[in-house]
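Notes follow once the structure below has been shown.
The values are calculated or read from the model by the stated rules, or taken from the named source; none is laboratory data. These figures come from a predicted structure and were not determined experimentally. Please note: Cβ atoms are built from the backbone with ideal geometry, for glycine as well, and neighbour counts cover all protein chains shown.
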Amino acid sequence: MLRTLILFSLLSLTSICAYAKDDPSSPDNPRIYFETDLGKMVIELYPKKAPITVANFLQYVDSGFYEGTIFHRVIDNFVVQGGGLAFDFSRKETKDPIANESHNKLLNLQATLSMARTSDPESATSQFFINLKHNEHLDPQDEQLGYAVFAKVVEGFDVVKKIEKEPKGLYRSHPQAPNYPVRILRAGRVQPQTPTAPKTVAVEKS
């Protein structure tokens, strides 16, 4: 039993180390923000690793699609999912599904965003989820497609944790939804800050 646990730990560490070596973070990556009922989060996108997914996600952000949607599926120590339902649980009309980019070597680590889908691997549209831990079973396995990681919460993960802890169970048809809807109030791109030029001080000649 101990040998099995040690082997499992080593395999998990190897996977995380491989991710670290292939770290997709870059100051050139686009960032977006979500202002929610429980606070603000900032998300870094990975267009080099998931170009189709990021382009699709940004189209929804830029069009205002996500504003007014709720986090409708919240499972402790698993995921916080949103991006497709209004406060009354009505589904918003989406664009066509996109290709699955889960073989981009990005793992479903804590704080990463992946595209939600049905059992059809090529069915993702607007919905996404935020991983609350490393959900290894969502990663691709050999030739089997997984859930495509395309971004990460880089600021405001405490807001995600607040959503996780919201009371649930009030809605019989949506038992995993918070009792009080947690909405995305505003969504948009984070504009890159231009470096401030150093102030020059004029020196008079004596």
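I'm trying to understand the selection: among the residues of region 117-161, which are hydrophobic (A, V, I, L, M, F, W, C) and without any contact (Cβ under 8 Å) to a residue 40 or more places away in the chain? Listed by number, the list holds a single entry, LEU138.
Exactly one residue out of SER119, SER126 is crowded, with 20+ Cβ neighbours inside 10 Å, of a type outside the set (Phe, Trp, Tyr) and assigned to a loop (DSSP other than H, G, I, E, B), and it is SER126.
Could you list all residues from region 141-167 that are surrounded by 20 or more Cβ atoms within 10 Å (Cβ to Cβ) and closer than 21 Å to LYS48 by Cα? Residues satisfying the conditions are GLY146, TYR147, ALA148, VAL149, PHE150, ALA151, LYS152, VAL153. Against the list (1) farther than 22 Å from ILE43 by Cβ; (2) of a type outside the set (Phe, Trp, Tyr); (3) buried (at least 20 other Cβ atoms within 10 Å of the Cβ), the condition THR112 fails is (1). PHE89 fulfils the conditions (1) buried (at least 21 other Cβ atoms within 10 Å of the Cβ); (2) in contact (Cβ under 8 Å) with a residue 60 or more places away in the chain except for a single criterion, (1).
Go through region 138-155 residue by residue and tally those that are outside any strand (DSSP E or B), over 13 Å from GLN110 (Cα atoms) and not aromatic (Phe, Trp, Tyr). So that I can check it myself, show each step before the final result.
As a first pass, look at region 138-155 and keep what is outside any strand (DSSP E or B): 138-140, 142-143, 145-148.
Then keep just the ones that are over 13 Å from GLN110 (Cα atoms); that gives 140, 142-143, 145-148.
Checking which are not aromatic (Phe, Trp, Tyr) leaves us with 140, 142-143, 145-146, 148.
Of the residues in that region, 6 qualify.
Only one of the numbered conditions (1) modelled with pLDDT under 95; (2) in contact with a Phe, Trp or Tyr (Cβ under 7 Å, 6 or more places away or on another chain) is not met by LYS205, and that is (2).
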